[in-house]
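Below is one structure, written out as structure tokens; comments come after it.
The values are calculated or read from the model by the stated rules, or taken from the named source; none is laboratory data. Every value quoted in this text rests on a predicted model; they were computed, and no experiment measured them. Glycine gets a Cβ as well: all are built from the backbone with ideal geometry, and neighbour counts include every protein chain shown. Heavy atoms of the whole protein, side chains included, go into the accessibility calculation; ligands, DNA and RNA do not. Shrake-Rupley method; radii C 1.70, N 1.55, O 1.52, S 1.80 Å.
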Protein chains: 4
Amino acid sequence: MANIGIKDTEFIRGNVPMTKEEIRILSVAKLQLEEDSIVYDIGAGTGSVSIVAALQCVKGTIYAIERNSEGVELIHANKEKFGVTNLQLVEGTAPDCLETLPAPTHVFIGGSGGKLIDIIRTVREKNPKARFVLNAVTLETLGEIQKIREAFPEYEDIEVIQVGVSKSRKLGEYHLMTAENPVYIITLKG
Amino acid sequence: MANIGIKDTEFIRGNVPMTKEEIRILSVAKLQLEEDSIVYDIGAGTGSVSIVAALQCVKGTIYAIERNSEGVELIHANKEKFGVTNLQLVEGTAPDCLETLPAPTHVFIGGSGGKLIDIIRTVREKNPKARFVLNAVTLETLGEIQKIREAFPEYEDIEVIQVGVSKSRKLGEYHLMTAENPVYIITLKG
Amino acid sequence: MANIGIKDTEFIRGNVPMTKEEIRILSVAKLQLEEDSIVYDIGAGTGSVSIVAALQCVKGTIYAIERNSEGVELIHANKEKFGVTNLQLVEGTAPDCLETLPAPTHVFIGGSGGKLIDIIRTVREKNPKARFVLNAVTLETLGEIQKIREAFPEYEDIEVIQVGVSKSRKLGEYHLMTAENPVYIITLKG
Amino acid sequence: MANIGIKDTEFIRGNVPMTKEEIRILSVAKLQLEEDSIVYDIGAGTGSVSIVAALQCVKGTIYAIERNSEGVELIHANKEKFGVTNLQLVEGTAPDCLETLPAPTHVFIGGSGGKLIDIIRTVREKNPKARFVLNAVTLETLGEIQKIREAFPEYEDIEVIQVGVSKSRKLGEYHLMTAENPVYIITLKG
């Protein structure tokens, strides 16, 4: 049984932003992956979501899409560290680089480079039943939810949750509760 | 592959408090269950954590411990609904009713009836390497963390996180962000 | 010295939504009222923000704007209870009912009925230096921030904060931390 | 009218932890100061709470108690910057250094150096009706609430709130919501 609860410290990290443990766990859980799912991880960063998805979908394939070269190297390194073979690295910018890929069943979007609507439209042309899970950390991305509702009225029941996590951190003899930035997790049920 | 992301609405619920979706997902993920784990779910309530754990540990056994009769009935109903056969229902109060059970590898404590230290001690006598995940929603239970540190100095690296979740709820033409009560999730690594 | 920290229970309340204590305190503090300020409280609800502002601005005037008749009655009742004489009740819908009012120095918007941009524009025609504090509890209102940026590039430094408050509530012998819905407080510095 | 809403950037700051704007506003509001209040600010840090209190209590006196020499210098600097004359600086450790001070009507405790119960006891000997507002950011201080309940059953109605604040921060063309650490604000009504 593949563990969904991998710690942040187990991933090789650079200066690339990484989806944090609790947000990664919840995002992958909300994808509701199957053993044979075809997954796009768009804006894959360090590849942490791709790795967890790859460990779940042992008969499927994960496409980690990343345009930043440091990110690409980190995904390579993490793929090797975790020994996953069902993870394909795609260097490029979505939605352009999605054209030649097989249709996905599940799509995680950690970063969209301002092209959220275009990405959703491109994926839907491949598979209108694909399930999306999005992370939003900026007011601008949050504002896109309204545009998604307008552009895709098919999604009647969009789930939007906000998650705030604080962690205790040792400070001398005390334990300080330290906040992580709040993240919105948005689910579009295909 | 068993899905960890079961929705709250899929469980049969009464007036018994239920661990909410996101807290259930994170708590089970932090348990880091194996296929053959022996799990105690103490203060099992509706049995939602037990059900998810049972679906993960297909070669293991889950012991759902609950003293409230309405809870016991709900666990029965949910066990039947999800068709899990590796879930044993134990009606009684921890730690007393734990005596005759096999040693666990993982323990989730959703409610301790004020006996948290006693429960941990009883479990540790059975298996000092058992991993604990606790939920705390009251100031009193939170105050117990300090007592755990004092009573069990073996746990050098106790993880304490607080999770706050808000969900969008339709209100006329608007979507109101609605808060759930914050929950502390505490992990004792055996 | 007028106290800004009035408790929710001190106000006469009906079924009308009320700005909660901590959000009211922070919103009024961020208005940075002066003794002689002219204040609009748009979507005044129970009038709780108007009352606190009236107690601060002893040489100024507060205009409580409310379209809901139950709200209007509550504002009357609270005005009487707190004995404030510098509070004018305006029954009507903003921005229409603002036309005949004196130019404000400070504007609090608790509810805009979907007319946020129009209200800001109308106020700015009266006084382009007016300071605005807005509360947003829906995703739709939050999405308006981007429209404010586009419509009024003069506001270079819009402050957006989100505040989440939990309060301990007695539950038998325990104290449960109970969450209030998160509120965004937005400040436009005139 | 003294403004309670002073921005963090208006205070002279060093490497000393400062009570952040929103927590300072709420804490001072919950003190419910009067014009002639006698206030202790224990663990005064940069003196930001003392300054705001001094501006409110124009006929009262604020005693800023701080043991750290860098803090003492910052309080001096801020006292001068804001031109308040009703602020007395007390270099030392509470409760010892409280002995010779006049009885307070209001006490803010931002840091207690682990002596919370002793400080409350010492103040209560001077004035059993003094109102306390405490900030807690560590699990250990939070655990002290239970000890306060046990040591001082006179406080029947202790208010405990937790406040989480996130602020938008410009990041290129985007606005990232950035979390501040959660703070518990505890009020003991004398």
Regarding region A:65-78, can at least one residue be identified that is aliphatic (A, V, I, L, M), part of a loop (DSSP other than H, G, I, E, B) and open to solvent by 10 Å² or more (accessible area, probe 1.4 Å)? no
Being within 18 Å of residue A:185 (Cα to Cα) and open to solvent by 10 Å² or more (accessible area, probe 1.4 Å): is that true of residue A:4 here? yes
So which residues in region D:7-36 are within 12 Å of chain C (Cβ to nearest Cβ) and surrounded by 20 or more Cβ atoms within 10 Å (Cβ to Cβ), if there are any at all? D:21, D:22, D:23, D:24, D:25, D:26, D:27, D:28, D:29, D:30, D:31, D:33
Sort through A:45, A:60 and tell me the only one that's at positive phi and either touching a strand residue (DSSP E or B) at 6+ places or on another chain (Cβ under 9 Å) or among the aliphatic types (A, V, I, L, M) (or both). A:45
Name the residue, out of C:131, C:121, C:169, C:149, that is of a type in the set (Lys, Arg) and touching a Lys or Arg at 6+ places or on another chain (Cβ under 9 Å). C:131
Would you kindly identify the strands (runs of 3 or more DSSP E) lying entirely within region B:90-190 that contain at least 2 residues that are in contact (Cβ under 8 Å) with a residue 40 or more places away in the chain and not aromatic (Phe, Trp, Tyr)? B:106-109, B:131-136, B:159-171, B:183-188
Which of the residues belonging to region C:126-153 are of a type in the set (Asp, Glu) and either surrounded by 20 or more Cβ atoms within 10 Å (Cβ to Cβ) or under 16 Å from the mean Cα position of the chain (by Cα) (or both)? C:144
Positions within region D:154-175 being facing chain A (nearest Cβ under 7 Å) and buried (at least 17 other Cβ atoms within 10 Å of the Cβ), in sequence order: D:164, D:166, D:168, D:175
Checklist (1) in contact (Cβ under 8 Å) with a residue 60 or more places away in the chain; (2) more than 14 Å from chain B (Cβ to nearest Cβ) applied to residue A:39, failing item: (2)
Please verify whether residue A:98 is modelled with pLDDT of 95 or more, of a type outside the set (Lys, Arg) and either closer than 30 Å to residue A:179 by Cβ or within 14 Å of the chain's Cα centre (by Cα) (or both), treating the condition exactly as stated. no
Just checking, how many residues over region C:57-76 are within 14 Å of chain D (Cβ to nearest Cβ) and charged (D, E, K, R)? 1
Would you mind telling me which numbered condition in (1) within 15 Å of the chain's Cα centre (by Cα); (2) farther than 30 Å from residue B:137 by Cα; (3) within 14 Å of chain D (Cβ to nearest Cβ) residue C:120 fails? (3)
Considering each of D:30, D:81 in turn, give the residue that is assigned to a helix (DSSP H, G or I) and within 23 Å of residue D:184 (Cβ to Cβ). D:30
I'm checking my understanding of the structure. Among residues of region B:136-151 that are within 12 Å of chain C (Cβ to nearest Cβ) and not hydroxyl-bearing (Ser, Thr, Tyr), which one is farthest from residue D:161 (Cα to Cα)? B:144
Select from region A:79-106 the residues that are buried (at least 24 other Cβ atoms within 10 Å of the Cβ) and closer than 21 Å to residue A:6 by Cβ and write down the one among them that is farthest from the other protein chains (Cβ to nearest Cβ). A:87
Given (1) outside any loop (DSSP other than H, G, I, E, B); (2) closer than 20 Å to residue C:159 by Cβ; (3) within 14 Å of chain D (Cβ to nearest Cβ), where does residue C:54 come up short, assuming only one miss? (2)
All positions within region C:180-190 that are surrounded by 20 or more Cβ atoms within 10 Å (Cβ to Cβ) and facing another protein chain (nearest Cβ under 8 Å): C:182
Only residues that are among the small types (Gly, Ala, Ser) and either assigned to a helix (DSSP H, G or I) or surrounded by fewer than 23 Cβ atoms within 10 Å (Cβ to Cβ) (or both): list them for region A:37-51, please. A:37, A:48, A:50
